[in-house]
Amino acid sequence: MQKLVSFAGRVIIVGFGSIGQGVLPLILRHIDLNPDRITIVTAEERGHDVANEYGITFVNHALTKSNYKDVLGPLVGKGDFILNLSVDVSSVALIKLARSVGALYLDTCIEPWAGGYTDPSLSAGQRTNYAMREQALALKSAEPLPTAVVTHGANPGLVSHLLKQALLNISADCGKPVTAPADREGWARLAADIGVKVVHIAERDTQTAAHLPKAIGEFVNTWSIDGFVGEGCQPAELGWGSHEKQLPPDGRHHDFGNGAAIYLMKPGASTRVRTWTPIEGPFHGFLITHSEAIAISDFYTVKDGDKVVYRPTAHYAYHPCDDAILSVHELAGKNWHMQPNKRLLMTEITDGIDELGVLLAGHAKGAYWFGSQLSIDEARRLCPHNNATSLQVTVAVLAGMVWAIENPHRGLVEPDEMDFKRCLDICMPYLGPVIGAYTDWTPLFGREELFPEDLDRDDPWQFKNVRVL
């Protein structure tokens with residue numbers, strides 16, 4: 001298989017759940033790197049057999065605020081790479097460690113230390129991804145520091161690159177083809193000129209293990225259960241667009257940072273929104289907080305001086321696999337206390353796809369979805385130790401690593417600031433069918449047939465129409 005880049009340093013993989021196990025064969029396949037230069041540091045034995053399969057050093061030692069420097073210190077130095085795929089390990093702490101020794105860094109989510117998502121001593125606003133992103137952005141510097149790529153999995157990560165390609169596709173389809181803008185201001189003005197009001201990260205996962213349904217007291221999912229529950233218990237968050245007429249009754253603005261997003265006074269796993277994908281059609285998804293919702297709205301902001309003249313509303317709209325839906329329902333019934341048993345679906349999956357993309361709506365052509373329709377069968381053919389959901393994440397991790405190695409002195413970087421074409425070129429062979437589809441669907445379709453509703457029929461893409469109440 002093609003080697004995309006050579007790397008002479010060591011790679012330290014922190015965390016080795018479904019994403020760590022799935023990305024390892026991709027790293028060895030596409031990065032010219034000797035396996036004896038990779039070390040896994042994780043908090044449990046899960047995945048030890050996979051590490052052994054590839055001859056990788058495996059260290060079962062949970063990282064904490066008090067020990068992470070002692071554990072990682074001997075393993076990482078100048079020219080190395082910290083790949084943070086963990087939960088409950090502070091991203092900011094590991095970025096600072098990597099920077100202090102001259103190492104590269106990448107994560108898929110800005111993580112706090114254990115308990116940070118659900119610490120009752122913190123206000124709801126302090127437990128948001130908005131707050132965690134602001135802490136990470138504080139590490140930005142004009143100096144040529146070692147590259148630290150934050151939030152680069154499927155979403156956040158890959159979806160930001162899909163969004164840029166979608167904007168170019170819509171522009172061309174409107175008879176106004178443009179070259180890819182060279183900077184943030186150019187991309188924001190392109191989105192404004194097209195008239196995009198909302199960006200949904202619209203995902204429907206239909207993977208199933210038909211012969212082994214969810215049991216009572218069990219949480220089942222196709223990717224990190226701890227990660228999903230953690231973010232599901234955070235306040236629902238969304239980038240808040242300039243076209244929105246009124247704040248939701250339970251919506252709150254932040255009193256710090258860039259002001260690009262709001263949060264709701266309820267968890268994302270109990271907040272639903274209307275969205276659309278080509279295969280599924282219209283559906284209800286969870287408004288789970290994700291960093292891309294905030295970063296996209298921020299990145300695509302157009303200002304006149306200090307006044308915001310354009311900004312899209314952006315949020316995740318996620319329908320996980322059906323067993324995960326049942327699991328969330330049970331979790332909510334226990335007042336967000338995790339079930340005693342957890343099961344990650346991988347080898348037992350019998351059928352299904354993960355349809356993941358961006359839905360850009362409110363423009364002259366209605367709504368346009370662009371993304372991946374990866375099946376479990378194709379995922380298994382493409383790379384071992386993956387299902388459809390994990391492969392969409394792991395190939396984006398690979399792309400982010402390659403970009404960081406090729407651009408080693410960029411400091412802290414978000415996906416929207418990276419070369420979208422380079423990242424998409426790496427990801428495309430692993431995404432199954434990647435399609436674009438227009439629809440005339442809006443969140444007003446089929447409404448008020450049985451009961452009256454409080455709707456804004458003048459603007460279908462108001463959040464009050466999108467939200468499910």
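The values are calculated or read from the model by the stated rules, or taken from the named source; none is laboratory data. Given the structure is predicted, the values throughout are model-derived calculations rather than measurements. Don't worry about glycine lacking a Cβ; one is built from the backbone with ideal geometry, like all the others, and counts go over all protein chains shown. These area figures cover heavy atoms from the full protein model, side chains too; ligands, DNA and RNA do not enter into them. Shrake-Rupley method; radii C 1.70, N 1.55, O 1.52, S 1.80 Å.
Quick notes
- LYS464 passes every criterion in (1) surrounded by fewer than 23 Cβ atoms within 10 Å (Cβ to Cβ); (2) assigned to a loop (DSSP other than H, G, I, E, B); (3) of a type outside the set (Val, Ile, Thr) apart from (2).
- Looking only at residues in segment 240-259 that are small (Gly, Ala, Ser) and touching a strand residue (DSSP E or B) at 6+ places or on another chain (Cβ under 9 Å), the one that is most open to solvent (accessible area, probe 1.4 Å) is SER242.
- All positions within segment 260-281 that are hydrophobic (A, V, I, L, M, F, W, C) and surrounded by fewer than 16 Cβ atoms within 10 Å (Cβ to Cβ): MET265, ILE279
- Selection status of THR347, outside any helix (DSSP H, G or I), surrounded by fewer than 17 Cβ atoms within 10 Å (Cβ to Cβ), hydroxyl-bearing (Ser, Thr, Tyr) and modelled with pLDDT of 95 or more: yes
- None of ILE262, ILE170, ILE225 is in contact with a strand residue (DSSP E or B) (Cβ under 6 Å, 6 or more places away or on another chain) and free of Cβ contacts under 8 Å to residues at least 60 places away in the same chain except ILE262.
- Search result, residues across segment 29-49 that are touching a helix residue (DSSP H, G or I) at 6+ places or on another chain (Cβ under 9 Å) and farther than 23 Å from CYS427 by Cα: THR39, ILE40, VAL41, THR42, ARG46, GLY47
- Only one of the listed residues (GLY22, GLY17) is among the small types (Gly, Ala, Ser), at pLDDT 95 or above and in contact with a Lys or Arg (Cβ under 8 Å, 6 or more places away or on another chain). That residue is GLY17.
- Positions within segment 1-36 being in contact (Cβ under 8 Å) with a residue 40 or more places away in the chain and touching a Pro at 6+ places or on another chain (Cβ under 7 Å), in sequence order: PRO25
- So THR118, is it closer than 21 Å to TYR263 by Cα, surrounded by 24 or more Cβ atoms within 10 Å (Cβ to Cβ) and β-branched (Val, Ile, Thr): no
- In summary, strands (runs of 3 or more DSSP E) completely within segment 6-103 and bearing 3 or more residues that are open to solvent by 30 Å² or more (accessible area, probe 1.4 Å) occur at 57-60.
- Residue ID - least open to solvent (accessible area, probe 1.4 Å), chosen from residues in segment 282-315 that are out of contact with any helix residue (DSSP H, G or I) (no Cβ under 8 Å at 6 or more places or on another chain) and assigned to a loop (DSSP other than H, G, I, E, B): GLY305
- Test for GLY125: is it in contact (Cβ under 8 Å) with a residue 12 or more places away in the chain and over 25 Å from the mean Cα position of the chain (by Cα): no
Quick grid of which residues meet (1) farther than 28 Å from TRP461 by Cα; (2) polar (S, T, N, Q):
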{"position": "LEU344", "(1), (2)": "yes, no"}
{"position": "THR347", "(1), (2)": "yes, yes"}
{"position": "VAL358", "(1), (2)": "no, no"}
{"position": "ALA361", "(1), (2)": "no, no"}
{"position": "ALA364", "(1), (2)": "no, no"}
{"position": "GLY371", "(1), (2)": "no, no"}
{"position": "ILE405", "(1), (2)": "yes, no"}
{"position": "VAL413", "(1), (2)": "yes, no"}
